[in-house]
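Since the structure comes first, as structure tokens, the remarks are kept for the end.
The values are calculated or read from the model by the stated rules, or taken from the named source; none is laboratory data. Keep in mind that this is a model prediction, so the values were computed, not measured. Quick reminder, even Gly has a Cβ in these numbers, built from the backbone with ideal geometry, and neighbours come from all protein chains shown. These area figures cover heavy atoms from the full protein model, side chains too; ligands, DNA and RNA do not enter into them. Shrake-Rupley method; radii C 1.70, N 1.55, O 1.52, S 1.80 Å.
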Amino acid sequence: MTPAPDATGAWDALLRAEFARAARDVTPGPAPVAAVVRAGRARRRRRTAALSFLAVLGVSAAVAAGTALGRGPHPAGGLAAPPVRSAADATVPAPGAPAVPRASASPSSAASGRRVPAPVRTVAAGERVTAAPGWKVWLTDRGKHWEGGGDGLEQFRSVIDGNVDLARPGISHQGEGTFHSGLYYGTRDAGRVELVEAGGRTTAAALLELPGRPGWGVWYAVARDGSAVGLRLYDRAGRLLSELPPL
């Protein structure tokens, strides 16, 4: 029987009471806890495997990029290696220490027992070098300058006055007491200059050049006893380029 419109509220209350009594008679089944746990673990394993794969791809890409750029493997790959140093990096001058050119001998020179060429020092134009106690030497693009011996007078030997043939290897000499100096010229491959003293004793001279290897330079040395000397100019391979007999 259809209830009257004014009895709608009472009808709804009656239905709710019937449903509540019916629900009390229903016994719910056990919750599927084990199945839920297994499903969660499976999803976690799949997610971990996916993240691990992506991480491996990222590391591989970083290693490949580092190798392509000439660098070592990326540290994230666990393959980082110490930087390779060349033999030229093995000796580093202390801060403030003057840089000294290093001479090297070819394998043939070392095997034959020939002396290692003296290093050629590059100096700026006008840079004064203390060659010996009381003596200073410097170079300009015009030639060799020096002073000493107690008189304070500056002396000069030109390389542009036509008296020096820069096209052929040669050597000149100026001597005052035990201090000897001069020009070497006609080569961009000067290796060493030797003073030959009495009895055949030799003394290696110091060599100075301006930047750019202009094809000439200055040598200087102090003789042991001031005796008459001869001179020999060698290239870097140890070949004799020019010689002056004892004076």
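Measure off 7 Å from each Cα along the Cα-to-Cβ vector at D225 and A39, then give the distance between these two points in nanometres to one decimal.
11.0 nm
Between A22 and Q174, what is the label-point separation in nm under the 7 Å Cα-to-beta-carbon projection?
Going from the Q174 label point to the A22 one covers 12.8 nm.
Keeping every protein chain present and rolling a 1.4 Å probe, give me the accessible area per residue for the stretch 171-227 in Å².
Each residue of the stretch 171-227 exposes 34 Å² on average to a 1.4 Å probe.
To the nearest 20 debye, what is the magnitude of the charge dipole of the stretch 122-223 about its Cα centre, counting +1 on the Cβ of each Lys and Arg and -1 on the Cβ of each Asp and Glu?
Dipole size: approximately 240 debye.
Between E147 and R46, what is 0.36 nm times their sequence separation minus the Cα-Cα distance? Round to one decimal in nm.
Result: 27.6 nm gained on full extension.
Which ³J(HN,Hα) values, rounded to whole Hz and listed in residue order, are derived for the stretch 240-246 from phi using the Karplus coefficients 6.51, -1.76 and 1.60 in 6.51 cos²θ - 1.76 cosθ + 1.60 with θ = phi - 60°, glycine and proline given as x?
With coefficients 6.51, -1.76 and 1.60, one gets 6, 9, 7, 8, 10, x, x Hz.
Evaluate the distance, in nm, between pseudo-label points positioned 7 Å from the Cα of S158 and of K136 along their respective Cα→Cβ axes.
Using points 7 Å along Cα→Cβ, the separation is 2.4 nm.
Taking H placed 1.01 Å from N in the peptide plane, check which residues at least 5 places from V159 or on another chain put their amide H under 5 Å from its amide H.
HN-HN under 5 Å from V159: G143, K144.
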